[in-house]
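First the structure, in the form of structure tokens, and then the observations on it.
The values are calculated or read from the model by the stated rules, or taken from the named source; none is laboratory data. Only a predicted model underlies this, so the values are computations on that prediction, with no experimental measurement involved. Cβ sites come from the backbone with ideal geometry, for glycine too, and all protein chains shown count toward neighbours. Keep in mind that these areas ignore ligands, DNA and RNA; they rest on the heavy atoms of the full protein, side chains included. Shrake-Rupley method; radii C 1.70, N 1.55, O 1.52, S 1.80 Å.
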2 protein chains.
Amino acid sequence: MSNSRPIGVFDSGIGGLTVVRALQTRLPHENIVYFGDTARVPYGPKSAQVVREYAAQDTDILLEHNVKLIVIACNTVSAVGLDVVQKRAKVPVVGVIFPGAEAAVRASHKKRIGVIGTVGTVNSQAYVHAIRQLDPNAQVFSQACPLFVPLAEEGWTDRKATELIAREYLFPLTLEKIDTLVLGCTHYPILRSVIDTVLQKSVTLIDSGEAAALTVEETLAEQGLRNESTLKANVQFFVSDIPHKFAEVGERFFGRKLGRVHRVAGISA
Amino acid sequence: MSNSRPIGVFDSGIGGLTVVRALQTRLPHENIVYFGDTARVPYGPKSAQVVREYAAQDTDILLEHNVKLIVIACNTVSAVGLDVVQKRAKVPVVGVIFPGAEAAVRASHKKRIGVIGTVGTVNSQAYVHAIRQLDPNAQVFSQACPLFVPLAEEGWTDRKATELIAREYLFPLTLEKIDTLVLGCTHYPILRSVIDTVLQKSVTLIDSGEAAALTVEETLAEQGLRNESTLKANVQFFVSDIPHKFAEVGERFFGRKLGRVHRVAGISA
């Protein structure tokens, strides 16, 4: 029943590397193909129709690599394009929103759950709907944190300025006495320690990428798709453009050097 | 000799509204057509070839409005695509880099000039080359300030966090004892007061948009293209997408309400 075909992961850019990192921690022997649509990042502010077109193209790029499962690391696509990918892929598809919502409902005792994300993700209310579907009594408080993405990309993880910004964003959530907070953007795990500091570790942080990795593990087991090999896994990186400081930022998100990165031709915004 | 045809201004997004504001201050009776390519912002990280294609398309959109002069408010296009616009337009074209460089050389006594901008603009060295062309003895010190764009868009102009970030970015320039600093990004005038605070007003700030407005005034006069009407000018806004908080951010950059904004069809990244 062993299956060495790779898991495919895509994102609008580089943020999804935190999801690859979570997958590798949980499933160290699974091969992975990553596609980051760095030429067209960010997806957040674009219309749902455009995002759905992009999602279909991103899916096709992964399917060319004969992937056995697709992880949508992008919160925007998970919110507005999950069905497009599912219809096209004919392999299991895991987004980040439902696993993140599920982990939050499981972790929260008081059922007072905070969600932070980009303006697009927060406005979509995707996490609110997913959490309420799982627990209609849960109270959900959302907060957009637009400066967190550039701060994470700059690597300003331990600056006083970052802490001040985090305090301002998170203050309304502390007033609501949340006990659980969903990091609803693939960039935010980079800022986990400053978020923990500001919340004085009194709030359980849910990394949607880690939650998705758990769902992937369960799905592979259920469907007999696990790779039983104990060889070192092969992780391949594809992008649609090589932006400034790509290697540096990529390493920060992935946790170690990326090695060779391939550029996919034909996508240039 | 009066000419009521509009001045055309384009930018990769919303930042160019600070240039429109500078134009309106200097030339209150000139009609203006603005195009912001909000569907494909930012241009900075994209390849020169792609930026040049976009510049040609942006130019065509303005030409449809029978503009008498084109202002390239975008630093990236001014750096890598000025010739494309000039060749296509057959009307005078004013970028932001040469006027900004010229104003800096004129203002600097010690010929120690700082330039701040996006990573793309700083890496292009366009300001360095333009300043050295005007004064080969000038010393130029550049600093990318990637967090300034999101801070300006968020309107965090008077936060302690913004001051800390500005201090960190500008510290190396103060060590070089610059006496003049070019704001080499259309977003940065929004942060002018915090930059002034950090530099303790000992450095002359050059707003490239204001410098470009002066060049526009001179060019219109030289070429007999001024509008001699004393009627209130008509300013029209066109964008390729309406992103989140567009009206709010646009108002901050323009200095007053934008009124009606038209969406240009057919451009969707």
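Looking at (1) open to solvent by 20 Å² or more (accessible area, probe 1.4 Å); (2) farther than 25 Å from B:SER47 by Cβ; (3) in contact with a strand residue (DSSP E or B) (Cβ under 7 Å, 6 or more places away or on another chain), which is the one condition that is false for B:ALA104?
Unmet condition: (1).
Could you tell me how many of the residues in the stretch B:259-269 are of a type outside the set (S, T, N, Q) and in contact (Cβ under 8 Å) with a residue 60 or more places away in the chain?
Final tally of qualifying residues: 3.
Go through the stretch B:107-124 and count every residue that is open to solvent by 10 Å² or more (accessible area, probe 1.4 Å), in contact (Cβ under 8 Å) with a residue 24 or more places away in the chain and not hydroxyl-bearing (Ser, Thr, Tyr).
8
Among the residues of the stretch A:17-59, which ones are open to solvent by less than 10 Å² (accessible area, probe 1.4 Å), within 17 Å of A:LYS245 (Cα to Cα) and either acidic (Asp, Glu) or touching a strand residue (DSSP E or B) at 6+ places or on another chain (Cβ under 6 Å) (or both)?
A:GLY36, A:ASP37
Provide a single number: the residues in the stretch A:186-208 that are over 19 Å from A:LEU164 (Cβ atoms) and touching a strand residue (DSSP E or B) at 6+ places or on another chain (Cβ under 8 Å).
Looking only at that region, the number is 7.
Yes/no per residue for (1) at pLDDT below 95; (2) touching a Cys at 6+ places or on another chain (Cβ under 9 Å); (3) open to solvent by less than 40 Å² (accessible area, probe 1.4 Å):
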site	(1), (2), (3)
B:PRO150	yes, no, yes
B:LYS160	no, no, no
B:ALA166	no, yes, yes
B:TYR169	no, yes, yes
B:PRO172	no, no, no
B:GLU176	no, no, no
B:ASP179	no, no, yes
B:LEU183	no, no, yes
B:ARG192	no, no, no
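Would you pick out the residues in the stretch B:151-186 that are basic (Lys, Arg) and within 8 Å of chain A (Cβ to nearest Cβ)?
B:ARG159, B:LYS160
Which ones in the stretch A:200-209 are open to solvent by 10 Å² or more (accessible area, probe 1.4 Å) and either on the phi > 0 side of the Ramachandran plot or modelled with pLDDT of 95 or more (or both)?
So the first thing to find is which residues in the stretch A:200-209 are open to solvent by 10 Å² or more (accessible area, probe 1.4 Å), and the list is A:200-207.
Within the stretch A:200-209, A:GLN200, A:LYS201, A:VAL203, A:THR204, A:LEU205, A:ILE206, A:ASP207 qualify.
Filter the stretch A:217-263 down to the residues that are part of a loop (DSSP other than H, G, I, E, B) and within 14 Å of chain B (Cβ to nearest Cβ), then identify the one that is surrounded by the most Cβ atoms within 10 Å (Cβ to Cβ).
Out of the qualifying residues, it is A:SER240.
Enumerate the pairs (first residue in the stretch B:39-54 and within 8 Å of another protein chain (Cβ to nearest Cβ); second residue anywhere and of a type in the set (Phe, Trp, Tyr) and part of a helix (DSSP H, G or I)) with beta-carbon separation below 8 Å, excluding pairs fewer than 6 apart on the same chain, so at least 6 apart or on different chains.
B:ARG40/B:TYR54; B:LYS46/B:TYR54
Where in the stretch A:98-183 are there helices (runs of 4 or more DSSP H), lying fully within it, with 3 or more residues that are more than 25 Å from A:ALA73 (Cα to Cα) and touching a helix residue (DSSP H, G or I) at 6+ places or on another chain (Cβ under 7 Å)?
Ranges flagged: A:160-175.
Can you list residue pairs whose Cβ atoms sit under 9 Å apart, with the first residue in the stretch A:201-223 being free of Cβ contacts under 8 Å to residues at least 60 places away in the same chain and the second being among the polar types (S, T, N, Q) and open to solvent by less than 20 Å² (accessible area, probe 1.4 Å)? Count only pairs 6 or more apart in sequence or on different chains.
A:LEU205/A:THR180
Which one is nearest to B:VAL115 (Cα to Cα), of the residues in the stretch B:150-193 that are β-branched (Val, Ile, Thr) and touching a Ser or Thr at 6+ places or on another chain (Cβ under 7 Å)? It would help to see each step written out before you state the result.
Of the residues in the stretch B:150-193, the ones β-branched (Val, Ile, Thr) are B:157, B:162, B:165, B:174, B:178, B:180, B:182, B:186, B:190.
Those left that are additionally touching a Ser or Thr at 6+ places or on another chain (Cβ under 7 Å): B:157, B:180, B:182, B:186, B:190.
Working: B:THR157: 20, B:THR180: 9, B:VAL182: 5, B:THR186: 13, B:ILE190: 16 Å.
Among them, the one singled out is B:VAL182.
For the structure I just gave you, tell me whether A:ALA212 is small (Gly, Ala, Ser) and either at positive phi or open to solvent by 10 Å² or more (accessible area, probe 1.4 Å) (or both).
When the stated conditions are applied, A:ALA212 does not pass them.
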